[in-house]
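Please read the structure below before turning to the comments.
The values are calculated or read from the model by the stated rules, or taken from the named source; none is laboratory data. Computed from a predicted model, the values in this text were never measured in an experiment. Glycine gets a Cβ as well: all are built from the backbone with ideal geometry, and neighbour counts include every protein chain shown.
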Amino acid sequence: MEADNRLRRSGPFRAFCAKGHAPLSVDVECGTIIVRREGEAVLRASFAPGDIGRLSLAEPCRLPPDETLRAASAALEAVLADAPAIKAIALDGDGWLGAEADMLRSGFAIDAGGERHVLPELFWQFPRFWLPAPPAEPYPQTHILTNGQRHPRRAPKPTGEVYARHIPWLGQTLSFRALDIDTDLARFNRWMNDPRVAYFWKEEGDLDKHRAYLGAIAADPHMLTLIGCADGVPFSYFEIYWAKENRLGPFYDAQDYDRGWHVLIGEDAFLGRHWITAWLPSLMHYIFLDDCRTQRIVGEPAADHHQQIRNLQRSGFACVKHFDFPHKRAMLVMLLRERFFGDRLWAPNDAGEQRRSA
């Protein structure tokens with residue numbers, strides 16, 4: 001079946017490739033793309049679909065090179081978030097001014113027989129487009145011992161918002177921020193005591209128990225707690241861990257930068273497949289962007305949690321094996337960086353249909 005490379009929607013798109021700069025918005029209408037900064041149009045282009053899509057400037061972009069790159073990134077994100085099957089996008093025209101050299105030098109674009117082609121699997125690996133404070137370079141590597149396990153020293157934990165992305169099939173902004181115990185304790189306590197959540201987490205208790213629970217994680221260098229928000233509304237809790245120091249590490253050949261995760265969806269209104277296809281690939285995207293050395297993301301859902309395992313398989317995870325923790329029988333699942341970016345798993349193939357039915 002031929003891939004559908006058309007833009008399946010029109011309207012506004014909020015871009016997050018300009019953190020620390022004036023916010024960018026993108027209007028898409030009948031193949032015309034307009035990028036605006038504080039209401040002013042800074043880039044006008046047309047988009048022609050196809051296996052090799054073509055983004056053609058309507059007029060030269062007169063921004064400084066770094067701002068030109070950001071404006072181009074906003075337009076590209078709007079296209080690629082909605083039509084992930086596109087093999088590449090050619091940047092047509094000579095109006096990119098001084099940005100061409102940076103495009104080629106950084107891998108933002110490649111030279112394809114004299115044309116500048118943006119490859120989606122490279123573009124979506126640029127942390128600066130989705131992380132408010134992207135790492136300038138990987139945290140230096142030196143190994144230490146924790147409980148007899150040799151592993152890299154981990155970077156300090158972030159604070160505040162760590163990731164933001166517009167989800168076109170929901171028309172909302174999905175973001176992750178570091179959990180703050182004082183701000184989030186009551187919400188976390190309510191979620192953990194919800195019978196639906198307690199069935200899997202088994203962490204019911206009072207505020208004091210949950211303050212101690214979160215405090216212990218905050219003091220543990222191998223774990224990070226995040227709150228997921230949709231248009232600023234908190235709805236989920238995530239624990240991200242370095243697998244080598246985790247309880248999962250001894251059950252498989254854990255590599256230095258493998259990472260795993262746990263999830264809790266606290267609000268019933270955010271259950272359902274159209275939400276899973278937003279937060280699950282976005283969380284995987286954040287994990288891969290946070291450290292370029294992370295090649296594998298792992299998980300250990302309960303072996304009888306069949307719905308979660310099916311969701312993971314649809315999202316690119318492979319089921320590796322069953323194994324037994326002291327407290328549960330689990331399935332080891334694994335997602336490769338190459339699979340995530342190579343198969344464009346940041347968006348489902350039916351994103352347009354999901355948006356219409358949401």
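Against the conditions (1) surrounded by 14 or more Cβ atoms within 10 Å (Cβ to Cβ); (2) more than 24 Å from A219 (Cα to Cα), P152 satisfies every one except (2).
Right, T146: of a type in the set (V, I, T), more than 27 Å from P221 (Cβ to Cβ), assigned by TED's automatic domain parsing to the domain that holds Y213 and surrounded by 14 or more Cβ atoms within 10 Å (Cβ to Cβ) or not?
Considered against the rule, which asks whether it is of a type in the set (V, I, T), more than 27 Å from P221 (Cβ to Cβ), assigned by TED's automatic domain parsing to the domain that holds Y213 and surrounded by 14 or more Cβ atoms within 10 Å (Cβ to Cβ), T146 comes out as no.
Which of the residues belonging to region 93-121 are of a type in the set (A, V, I, L, M), surrounded by 15 or more Cβ atoms within 10 Å (Cβ to Cβ) and closer than 23 Å to P64 by Cβ? Scanning region 93-121 gives A99, M103, A109, V118. Quick check, is A83 of a type in the set (G, A, S), farther than 17 Å from E40 by Cβ and surrounded by 21 or more Cβ atoms within 10 Å (Cβ to Cβ)? Considered against the rule, which asks whether it is of a type in the set (G, A, S), farther than 17 Å from E40 by Cβ and surrounded by 21 or more Cβ atoms within 10 Å (Cβ to Cβ), A83 comes out as yes. Out of A109, A81, one residue alone is over 19 Å from L24 (Cα atoms) and small (G, A, S). It is A109. Taken together, D253, D290 contain a single residue that is over 15 Å from L226 (Cα atoms) and of a type in the set (D, E, K, R), which is D253.
Is it the case that R211 is crowded, with 21+ Cβ neighbours inside 10 Å and either out of contact with any Lys or Arg (no Cβ under 7 Å at 6 or more places or on another chain) or of a type in the set (G, A, S) (or both)? It would help to see each step written out before you state the result.
Numbers: crowded, with 21+ Cβ neighbours inside 10 Å: no; either out of contact with any Lys or Arg (no Cβ under 7 Å at 6 or more places or on another chain) or of a type in the set (G, A, S) (or both): yes.
Taking the combined requirement at face value, the residue does not satisfy it.
Among the residues of region 29-46, those identified as under 20 Å from P120 (Cβ atoms) and in a strand (DSSP E or B) are I33, V35, L43, A45, S46.
Which members of region 91-132 meet the condition of being hydrophobic (A, V, I, L, M, F, W, C), in a loop (DSSP other than H, G, I, E, B) and in contact with a helix residue (DSSP H, G or I) (Cβ under 9 Å, 6 or more places away or on another chain)? Hits for region 91-132 are W96, L97, F108, A109, W124, F126, W130, L131.
Which residue is surrounded by the fewest Cβ atoms within 10 Å (Cβ to Cβ), if the candidates are limited to region 47-80 and must be assigned to a helix (DSSP H, G or I) and free of Cβ contacts under 8 Å to residues at least 40 places away in the same chain?
Of the residues in region 47-80, the ones assigned to a helix (DSSP H, G or I) are 65-80.
Then keep just the ones that are free of Cβ contacts under 8 Å to residues at least 40 places away in the same chain; that gives 65-66, 68-69, 72.
Values: P65: 16, D66: 12, T68: 23, L69: 25, A72: 26.
Within region 47-80, the match that is surrounded by the fewest Cβ atoms within 10 Å (Cβ to Cβ) is D66.
Here's the yes/no breakdown for (1) assigned by TED's automatic domain parsing to the domain that holds P195; (2) of a type in the set (S, T, Y); (3) part of a strand (DSSP E or B); (4) farther than 22 Å from A330 by Cβ:
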{"position": "A212", "(1), (2), (3), (4)": "yes, no, no, yes"}
{"position": "P221", "(1), (2), (3), (4)": "yes, no, no, yes"}
{"position": "C229", "(1), (2), (3), (4)": "yes, no, yes, yes"}
{"position": "Q255", "(1), (2), (3), (4)": "yes, no, no, no"}
{"position": "T277", "(1), (2), (3), (4)": "yes, yes, no, yes"}
{"position": "L280", "(1), (2), (3), (4)": "yes, no, no, no"}
{"position": "L283", "(1), (2), (3), (4)": "yes, no, no, no"}
